[in-house]
Amino acid sequence: MASTDYLTAALELVPEAWLLGVTADAAAQGATVGFTAAAGGLRTDVIDRIHAVCAARAGDPEREALSEGQRLDALFPNHRGIGAFDLLDELGIAPVYVLTTSC
């Protein structure tokens, strides 16, 4: 898979509400936000692992009953409640804030 495909695949793993929260945070700071691979690169092993787990458990009523956040918490138990920025870090994604107002 190409790196742009991995970036898209990784962003699909982040709940939409969380991405909207990052966008709102950027807007509150007078910026827009884009997403790119972090300096260390995309964590393709993590992205592949999550997609494999999701595919294996597709249609599982117990998993489907969980919220998106609860599903991610199960995938990252060491975080004890993973948040948007922690998840982006685990996936190797860096949010890039671009100022839209002059200083």
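The values are calculated or read from the model by the stated rules, or taken from the named source; none is laboratory data. These numbers come from a predicted model, not from an experiment. Positions of Cβ are backbone-derived with ideal geometry, glycine not excepted, and every protein chain shown enters the neighbour counts. Note: accessible area is taken over every heavy atom of the protein model, side chains too, but ligands, DNA and RNA are not part of it. Shrake-Rupley method; radii C 1.70, N 1.55, O 1.52, S 1.80 Å.
Return a yes/no flag: does the range 87-101 have any residue that is open to solvent by less than 40 Å² (accessible area, probe 1.4 Å), in contact with a Gly (Cβ under 7 Å, 6 or more places away or on another chain) and within 19 Å of L20 (Cα to Cα).
Checked against the condition, which is being open to solvent by less than 40 Å² (accessible area, probe 1.4 Å), in contact with a Gly (Cβ under 7 Å, 6 or more places away or on another chain) and within 19 Å of L20 (Cα to Cα), the range 87-101 yields at least one hit.
Name the residue, out of A52, A10, that is within 19 Å of L87 (Cβ to Cβ), loosely packed, with under 15 Cβ neighbours inside 10 Å, modelled with pLDDT under 95 and of a type in the set (A, V, I, L, M). Talk me through it step by step, then tell me what you get.
Details: A10 fails: loosely packed, with under 15 Cβ neighbours inside 10 Å.
Result: A52 is the single residue among A52, A10 that is within 19 Å of L87 (Cβ to Cβ), loosely packed, with under 15 Cβ neighbours inside 10 Å, modelled with pLDDT under 95 and of a type in the set (A, V, I, L, M).
Among the residues of the range 77-86, which ones are surrounded by 14 or more Cβ atoms within 10 Å (Cβ to Cβ) and closer than 18 Å to A24 by Cβ?
A84, F85
Being at pLDDT 90 or above, open to solvent by 30 Å² or more (accessible area, probe 1.4 Å), under 17 Å from V96 (Cα atoms) and of a type in the set (S, T, Y), is that true of even one residue in the range 31-49?
Yes, the range 31-49 has at least one match.
Name the residues in the range 1-40 that are out of contact with any helix residue (DSSP H, G or I) (no Cβ under 8 Å at 6 or more places or on another chain), assigned to a loop (DSSP other than H, G, I, E, B) and not hydrophobic (A, V, I, L, M, F, W, C), would you?
Passing the criteria: Q29, G30, G40.
So is G21 open to solvent by less than 60 Å² (accessible area, probe 1.4 Å) and at positive phi or not?
Details: open to solvent by less than 60 Å² (accessible area, probe 1.4 Å): yes; at positive phi: no.
Against the criterion (open to solvent by less than 60 Å² (accessible area, probe 1.4 Å) and at positive phi), G21 does not qualify.
Scan the range 66-81 and report the pairs whose first residue is in a loop (DSSP other than H, G, I, E, B) and whose second residue is modelled with pLDDT of 85 or more and open to solvent by less than 60 Å² (accessible area, probe 1.4 Å), with Cβ atoms within less than 7 Å and a gap of 6+ or a chain change.
Sorted first by the residue in the range 66-81, then by its partner, the pairs are F76/I82; F76/E90; G81/D73.
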